[in-house]
Amino acid sequence: MYLKSIELYGFKSFAHKMKFEFHNGITGIVGPNGSGKSNVADAVRWVLGEQSAKQLRGASMQDVIFAGTEARKPLSYAYVALTMDNSDHVLPVDYEEVTIARRVYRSGESEYLLNGTPCRLKDVAELFYDTGVGKEGYSIIGQGQIEKILSGKPEDRRELFDEAVGIVKYKKRKAASVKKLESERENLVRVNDILSEQERRIGPLEKQSEDAKNTLSSKKT
Ligand code: ATP
């Protein structure tokens, strides 16, 4: 699996439609300070589901939309599409090529697309579990992040190792199952409450029924 291309429109400084094509081997993006190199890495992080505006060096999520310049009006939405070559099927889908896209409007409305079909953020995250790709993966190491990893807490560093050894998806599944189990346990408590409430009513109801029968038979005689 390798990154084939990134398409951007309206994302940060990319007011024009732009397509970066990558091939096997190393590709470098060079340019003067502030020319938008880190915006490309931000775009990759964003399309893979980044939810933190701070991680994208902005104050709010709408900050990723091209804000306009003296010569150009602001745009109404940002769009990024990332295409991976999946001929080795590292990503667990049948497609030879996988395109993940994300779009956000100024209204806040947003969507994810997997090969053109709308999908959930969860689907995007699950697709990349344990591949090293993904917003938590180790394939995107931003400026200053090495320092953060080296001086960070062991728990934070562990996430990186979990991803590298490929146990993230099992940990996530376990967490989801534990959560489900917990909610089933709560349901059971509720059912038991209802049951004991109903059981409490059985005695008086039996008595009422008995009395009614007795009254009926005494009326008959
Ligand atoms: P450095 O080498 O200093 O890290 P860089 O080449 O990585 O810089 P970036 O930080 O990626 O550059 O890009 C910053 C540029 O992107 C700035 O010129 C900023 O004005 C522009 N920019 C960021 N967000 C937006 C936006 N929403 N609309 C328009 N331009 C934006």
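Laboratory data are not the source of any read-out in this text; all were calculated from the coordinates shown. If you're wondering where the values come from, they're calculated on a predicted model, not measured in any experiment. Heads up, the Cβs are rebuilt from the backbone with ideal geometry, glycines too, and the neighbour counts pull from every protein chain shown.
Mind pulling the angle between the C-alpha long axis of helix 154-165 and the longest principal axis of the chain? Nearest 10 degrees, somewhere in 0 to 90.
80
Under 28 Å between alpha carbons, and skipping anything fewer than 8 positions from Lys17 in its own chain: which lysines qualify?
Cα-Cα hits under 28 Å: Lys4, Lys37, Lys54, Lys73, Lys122, Lys135.
In nm, to one decimal, how far is the Tyr105 label point from the Ser87 one, both placed 7 Å along Cα→Cβ?
About 3.9 nm separates the two model spin labels.
What is the diffusion coefficient of segment 1-127 in µm²/s, taking the Kirkwood radius over Cα pairs and the Stokes-Einstein relation at 10 °C with a viscosity of 1.306 mPa s?
The Stokes-Einstein estimate is 104 µm²/s.
Which aspartates and glutamates, on any chain, are close to Lys174 with Cα under 20 Å apart, when same-chain ones fewer than 8 places away are left out?
Asp123, Glu126, Asp130, Glu136, Glu155, Asp156, Glu159, Asp162, Glu163, Glu182, Glu184, Glu186
Just how many % of Cα pairs in the chain lie over 27 Å apart, if you round to the nearest whole percent?
50
Quick one: length gained pulling Met18 to Glu147 fully straight, 0.36 nm per residue minus the C-alpha distance?
Extending this stretch completely gives an extra 43.3 nm.
In square nanometres and to one decimal, what's the mean projected area of the convex hull around the Cα atoms of segment 94-221?
Reported value for the Cα convex hull: 17.8 nm².
Treat the count of other C-beta atoms within 10 Å as a stand-in for reagent exposure and order Lys17, Lys172 from fewest to most.
Fewest-to-most ranking of Lys17, Lys172: Lys17, Lys172.
Can you put Glu197, Glu70 in order, fewest other beta carbons within 10 Å first?
Glu70, Glu197
Would you mind calculating the gained length between Arg185 and Arg173 on full extension (0.36 nm times residue separation, minus the Cα-Cα distance), in nm to one decimal?
The span from Arg185 to Arg173 would gain 2.5 nm if fully extended.
How would you rank Tyr170, Tyr9, Tyr79, going from fewest to most other Cβ atoms within 10 Å of each one's own Cβ?
With the fewest neighbours first, Tyr170, Tyr9, Tyr79 line up as Tyr170, Tyr9, Tyr79.
Roughly speaking, what is the stretch gain from Glu210 to Ala71, that is 0.36 nm per residue apart minus the C-alpha to C-alpha distance, in nm to one decimal?
41.0 nm is the gain from fully extending Glu210 to Ala71.
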